[in-house]
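Here is the structure we will look at.
Every number in this text was worked out from the coordinates using simple rules, so none of it is lab data. A quick note: this is a predicted structure, and the numbers were derived from the prediction, not measured. Here the Cβ is made from the backbone with ideal geometry for all residues, glycine too, and neighbour counts use every protein chain on show.
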Amino acid sequence: MIKFEQVSKTYPGGQRALSKVNFHIQPGEMAFLTGHSGAGKSTLLKLISIMERPTVGRVLINGHDLNKISRRQIAYIRRDIGMIFQSHQLLMDKTVFDNVALPLVIEGYTHKETTKRVHAALEMVGLRDKARNLPIMLSGGEQQRVGIARAVVNKPPLLLADEPTGNLDPKLSMEIIRLFEDFNQAGVSVFIATHDLGLIARMKYRTLTLRQGQMITDGLSEADGEAWS
Amino acid sequence: MSLLFKGRSHGASDARVGLVQSVLAFFISHVRQALGSLGELWRQPAASIMTIGVLGLSITLPSTLYIMVKNTEKISAGWEQASEISLFLKQNTSAAGAQQLLTRLSTWPEVDNLTFIPADEALQEFQHLSGLGDAIAYLESNPLPDVVLVTPTDKHATPQAAQLLLDKLKQQREVDIGKLDIEWLERLYALLDIVRDLVTLIGLLLFVAVVLIIGNTIRLNISNKRDEILVMKLVGATDAFIHRPFLYTGFWYGLLGGLIAWVAVILILWWMDSSIQAFAALYQKDFTITGLTGGALFGMLGLSVLLGLVGSMISVQRHVREIEPR
C-alpha cells in the first residue's frame, strides 16, 4: 500500500529530515510509526500526502510513484487518503455536520448522499447527536473524533494519522485507537505516527521506528525492536 | 475519479449516478457557491458597499464622459448639415453673368440649394445691421460684391467633401473668393477627437484601478479564509473549486458596481438636463440629451462584470497558490 524506496528529504537550508528510508506497508495493514520529536515522523507522513516532495528516492502508493503526480493531481490523491491531525484542522465557524461533509461537497456528492454518509460517519465515531454543534462546544476527544469522521466519510482505502492522541488522556487515546482498529477491520490500511509508546506497547501491531531521520527498525525484524529507547 | 485506486467510485462522477444528474449536480454546486458568495457580501455590508461604491463611481465617470461625447457628436452632426459656402463674385460680373452662374450651378449634383444676394441688397442689409447707417450713403460706389450662398447636399457636407466642392466652385470664372464656413467645425472635430482620446485614457486608467481594487479586496478575502483554504486543500479540493467562490465574489462586485454606475449616470443626466436645455435654448436648438441606449447599458454592465472577474482571477491565481499545507 505504502512503499518507500531509498527516500531522503533535505529541507531548504540543509536540515536533513529523512535519510535513505525504506519500508513497505501491505494493503489492509495497520502500523505505527514512532520516534522522538524531530525524528522525521511528520516529514514522512507529509511525503505520503504530498505536502512535501522527497529530495531523493521514490514514494509509492498502491504501486503509483508519487514523483509522477503533478501539482494539479495532488487534490485527487488526497481524496484517496483520509488524514487525521493532532490539531484536528477543523473549521471552527462551521458546524460538525458541515466539517464532516466538506470532502463530499468537494467531490460533488448530491445533498441526499452527503447527508446519508455524514450521518453514517458521525454514527461510527459516536457523535450522531452533535451534528448541529460547533466544534468549539465539543471536548478535545470529541473534536478529534470529528476529524476522524471527516477523514473516513468518503471511505478512503488509506488512513494517515499524525499524533491523533497527542492531547488526550490514556482512556480517550485508547478509544481513538479502537476506532482505527474498527476501520482496519473493514479493510482500510491505517498508518499512525505517535510518540505515545505506552499506547503501542499494549498492542501487537507492527511498529516502525525512526531516529534522526533514519529508520532503525521497520517492525518486521524482531531483534532490534527496543533499540532506540 | 481515483488516480491511485482503480475502480474506487467517487462523488458525482460515480458510475451509479446518471449523466443528467451529475450535470445537474454541477450546476447546483455552482449556484450554491454563487449564492454563498453573495451571502458573504451581505454579511459584511460596510466593506462590500465601499468596494462596490468605488467600483460603481469608477465606471460612472467614463460612462458619463462617453455620453457627453456621443451627444456632442450628435449636435455637431446637426450643424454640419447647415454648412454653407459663400461665393464672392468678381466686381465686374454683370447681372446676366451672375444669373448664368446660378443656372449652371443649379445643375450640379453636389448643390442642394442656392441663394443669390445682389450687391445692392447686401449693402442695404449691411447698412441696416452695422449701425453705420448714413455714413455708407457717402460711399461713391458699392464696395460689396454679389454673393452666392451654396448649400451642399448632405452627402457633400462633410468637411472633406465640402472642401472639394469649394475648390471646384473657385474654378468658376465669375468667382473671386470662396469661403467655406467650416473651419470652426474642423476645430470642433479636432477638439472632439482630443476629448474622445481623453475619455478613452481616463476610462482605461479607471478600469485598471478597478481591477486592482477588486484584486486587493479578493486578496484580503483570501487571507481571511486562509485556514479554510488550508483545510480544503488537505481534504482534496482542487484549485478550481477553491477559486470559484472568490470568482463569484468578483462577479457580484462587478454586477452591483455596474448597477450603481447605471443609477449614477441616470441621476447625473437628469441633473444636467435642465441646464443643457437652457443652453440649447440660447441657440434656438431643440435638443434632448440621450442617455445610455440598451446596448450601451448592457455593454457597461458587461464591462463591469468583466473587470470584477479579471480582478478576482488575477488575485486567486496569485494568492491561493501561496497557501499550501505544510
Inter-site label distance for B:THR200 and B:GLN91 at 7 Å from Cα along Cβ, in nm
5.1
Shape call for region B:84-181 from the C-alpha gyration tensor, a ≥ b ≥ c root eigenvalues: rounded (a/c under 1.5), prolate (a/b greater than b/c) or oblate?
prolate
Taking R0 as 22 Å, what FRET efficiency do you get between A:ARG58 and A:ARG16 from their Cβ-Cβ distance, rounded to the nearest 0.05?
0.75
Check cross-link reach from A:LYS46 to the lysines: straight Cα distance under 19 Å, and skip same-chain residues fewer than eight apart.
A:LYS3, A:LYS9, A:LYS20, A:LYS68, B:LYS233
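By how many nm would the segment from B:LEU230 to B:ILE75 lengthen if fully extended, with 0.36 nm per residue of separation less the alpha-carbon distance?
49.8 nm
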Cα-based helix-to-principal-axis angle, B:19-43 vs chain B, degrees rounded to 10
70
Between 0 and 90 degrees, rounded to the nearest ten: what's the tilt of helix A:170-185 against the longest Cα principal axis of chain A?
90
Fully extended contour minus Cα-Cα distance, from B:ILE177 to B:LYS6, at 0.36 nm per residue:
52.2 nm
Name the lysines eligible as straight-distance cross-link partners of B:LYS70: C-alpha to C-alpha under 24 Å, and not fewer than 8 places from it in the same chain.
B:LYS155, B:LYS285
Can you give the charge dipole size of chain B about its Cα centre, rounded to the nearest 20 debye, using +1 on the beta carbon of Lys and Arg and -1 on the beta carbon of Asp and Glu?
2840
So what does the Cα-only Debye profile of chain B read at q = 0.09, 0.10 Å⁻¹, as log10 I(q)/I(0), no solvent term?
-0.71, -0.78
Order of A:PHE4, B:PHE88, B:PHE27 from fewest to most other C-beta atoms within 10 Å?
B:PHE27, B:PHE88, A:PHE4
With a sphere of radius 9 Å drawn around the Cβ of A:PHE85, what net charge do the other residues whose Cβ falls strictly inside it have (Lys, Arg +1; Asp, Glu -1)?
-2
Alpha-carbon centroids, region A:173-199 and region B:172-237: separation in whole Å
62
Dipole of region B:84-181, Cα-centred, from +1 at each Lys and Arg C-beta and -1 at each Asp and Glu C-beta, to the nearest 20 debye?
440
Between B:ARG187 and B:ALA296, what is the label-point separation in nm under the 7 Å Cα-to-beta-carbon projection?
2.7
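Taking region B:242-324, which trypsin sites (Lys or Arg not before Pro) meet the DSSP loop condition and have no more than 12 other C-beta atoms within 10 Å?
B:LYS285
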At 1.306 mPa s and 10 °C, Stokes diffusion of region B:156-306 via Kirkwood alpha-carbon radius, µm² per second
76
Measure nothing fancy, just the Cα-based angle from helix A:111-124's long axis to the longest principal axis of chain A, in degrees from 0 to 90, nearest 10.
60
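What's the exposure ranking of A:THR207, B:THR51, A:THR115, going from fewest to most Cβ atoms within 10 Å?
Lowest count first: A:THR115, A:THR207, B:THR51.
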Would you compute the Debye intensity of the protein assembly as shown from its alpha-carbon atoms alone, equal scatterers and no solvent, and pass along log10 I(q)/I(0) at q = 0.07, 0.10 Å⁻¹ to two decimals?
-0.62, -0.92
With the crude spin-label approximation of a point 7 Å out along Cα→Cβ, what separation in nm comes out for B:HIS30 versus B:THR158?
4.4
How large is the charge dipole for the protein assembly as shown, taken about the Cα centre, if only the Cβ atoms of Lys, Arg (+1) and Asp, Glu (-1) carry charge, to the nearest 20 debye?
3780
Listed with the fewest Cβ neighbours within 10 Å leading, A:SER37, B:SER29 appear as A:SER37, B:SER29
